[in-house]
Amino acid sequence: MGFGYNQPVMPEIAKDKFGPEYVLTVYDSKLGMEGFLVVDNTVLGPGKGGMRMTPTVTVEEISRLARAMTWKNAVCGLPFGGAKAGIVWSGGSPELKKEFIQSFARRIAHFMPKYYIAGPDVSSGEKEMQWFVEATGNPKSATGKPAALGGLPHELGSTGFGVANAARVAVELKGMDIKKTTVAIEGFGNVGTFAFKFLKEMGAKIIAVADSRGGVWNENGLDGDELLELKKGGKSVGDSRQGKKISHDEVFGINA
């Protein structure tokens, strides 16, 4: 017997002997904030994984990423399990973003840090992690915090460093020389900017970069400092005059 409205149905999420252990959907009716937390597996330790903020994030996406974190941390021999979090975020003022993050953090705070430790991801960095731990009241509830709160300095660019070195290893396995390699980078935020920096230091030539609003291509190479200044000014790398303007999707077709 119905009640005259469509009742929400929990999406089907893959389950097996490894997890997930917890799947949460939280909602703040006042703000319109909707968020997800999936703790996939805590056999090796608390679930570790970033908190992303995108307009299209779903609990299914977060579940898949949480499982990836389970294997990633296990393969690397880290004392962490796998987890992931996401907030549906279509953009807005810094003040609204802070409210969304802190509303989400308060609603999942009882899971941290025993079952989940947050970290930066898409559209979340040091500032967002600071807001997060302020809301939970526990500095151990997230990594990627500002150095003043006990986090690693952002300028170390640890995730971008990992991406650059993974690319270097892949190049070596292919029998190629990183110094004779051209690179195209999709994304120029917390990760892409540092991946650019470290790959260039290794001798690679970055010929194309794109963000969500557009991109730029120059077969002779790009200047990362100019692109970074554009981003700091709220612009897209597609506004660069260093080369040919391309769309976000075109970066995947660049011969690099």
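The values are calculated or read from the model by the stated rules, or taken from the named source; none is laboratory data. The structure displayed is predicted, hence computed values, not measured ones. Cβ: placed from backbone, ideal geometry, glycine included. Neighbour counts: every protein chain shown.
Among the residues of the range 51-79, which ones are surrounded by 15 or more Cβ atoms within 10 Å (Cβ to Cβ) and aliphatic (A, V, I, L, M)?
Met51, Met53, Val57, Val59, Ile62, Leu65, Ala66, Met69, Ala74
Which residue pairs have Cβ atoms under 7 Å apart, sit 6 or more places apart or on different chains, and have a first residue in the range 159-184 that is within 15 Å of Gly203 (Cα to Cα) and a second that is aromatic (Phe, Trp, Tyr) and part of a helix (DSSP H, G or I)?
Going by the 7 Å Cβ cut-off, the qualifying pairs are Phe161/Phe194; Phe161/Phe198; Ala164/Phe198.
Which residues, taken from the range 104-129, are surrounded by fewer than 20 Cβ atoms within 10 Å (Cβ to Cβ) and either closer than 26 Å to Ser212 by Cα or outside the structural domain of Val39 (by TED's automatic domain parsing) (or both)? Steps first, answer last, please.
First, pick out the residues of the range 104-129 that are surrounded by fewer than 20 Cβ atoms within 10 Å (Cβ to Cβ): 106-107, 109-110, 113-115, 122-123, 125-127.
Residues satisfying the conditions are Val122, Ser123, Gly125, Glu126, Lys127.
As an exercise: evaluate Phe194 against (1) closer than 23 Å to Ser158 by Cβ; (2) touching a strand residue (DSSP E or B) at 6+ places or on another chain (Cβ under 6 Å); (3) among the hydrophobic types (A, V, I, L, M, F, W, C) and give the number of the one condition it does not meet.
Of everything listed in (1) closer than 23 Å to Ser158 by Cβ; (2) touching a strand residue (DSSP E or B) at 6+ places or on another chain (Cβ under 6 Å); (3) among the hydrophobic types (A, V, I, L, M, F, W, C), Phe194 misses just condition (2).
Just wondering, is there one or more residues in the range 91-100 that are part of a loop (DSSP other than H, G, I, E, B) and buried (at least 19 other Cβ atoms within 10 Å of the Cβ)?
Step one: of the range 91-100, the residues part of a loop (DSSP other than H, G, I, E, B) are 91-93.
With the extra rule that they be buried (at least 19 other Cβ atoms within 10 Å of the Cβ), the set shrinks to none.
Scanning the range 91-100 turns up no residue that is part of a loop (DSSP other than H, G, I, E, B) and buried (at least 19 other Cβ atoms within 10 Å of the Cβ).
Would you say Leu24 is outside any helix (DSSP H, G or I) and either buried (at least 16 other Cβ atoms within 10 Å of the Cβ) or assigned by TED's automatic domain parsing to the domain that holds Glu126 (or both)? Can you show your working first?
Numbers: outside any helix (DSSP H, G or I): yes; either buried (at least 16 other Cβ atoms within 10 Å of the Cβ) or assigned by TED's automatic domain parsing to the domain that holds Glu126 (or both): yes.
In short, yes.
Output yes when any residue across the range 165-175 is closer than 22 Å to Ser124 by Cβ, crowded, with 19+ Cβ neighbours inside 10 Å and not acidic (Asp, Glu), and no when none is.
Kept after step one, since they are closer than 22 Å to Ser124 by Cβ, are these residues of the range 165-175: 166.
Right, trim to crowded, with 19+ Cβ neighbours inside 10 Å and you get none.
Scanning the range 165-175 turns up no residue that is closer than 22 Å to Ser124 by Cβ, crowded, with 19+ Cβ neighbours inside 10 Å and not acidic (Asp, Glu).
Here is a check on your reading of the model: is Lys48 under 24 Å from Leu152 (Cβ atoms), in contact (Cβ under 8 Å) with a residue 60 or more places away in the chain and surrounded by fewer than 18 Cβ atoms within 10 Å (Cβ to Cβ)? Write out each step before concluding.
Details: under 24 Å from Leu152 (Cβ atoms): yes; in contact (Cβ under 8 Å) with a residue 60 or more places away in the chain: yes; surrounded by fewer than 18 Cβ atoms within 10 Å (Cβ to Cβ): no.
The answer is no for Lys48.
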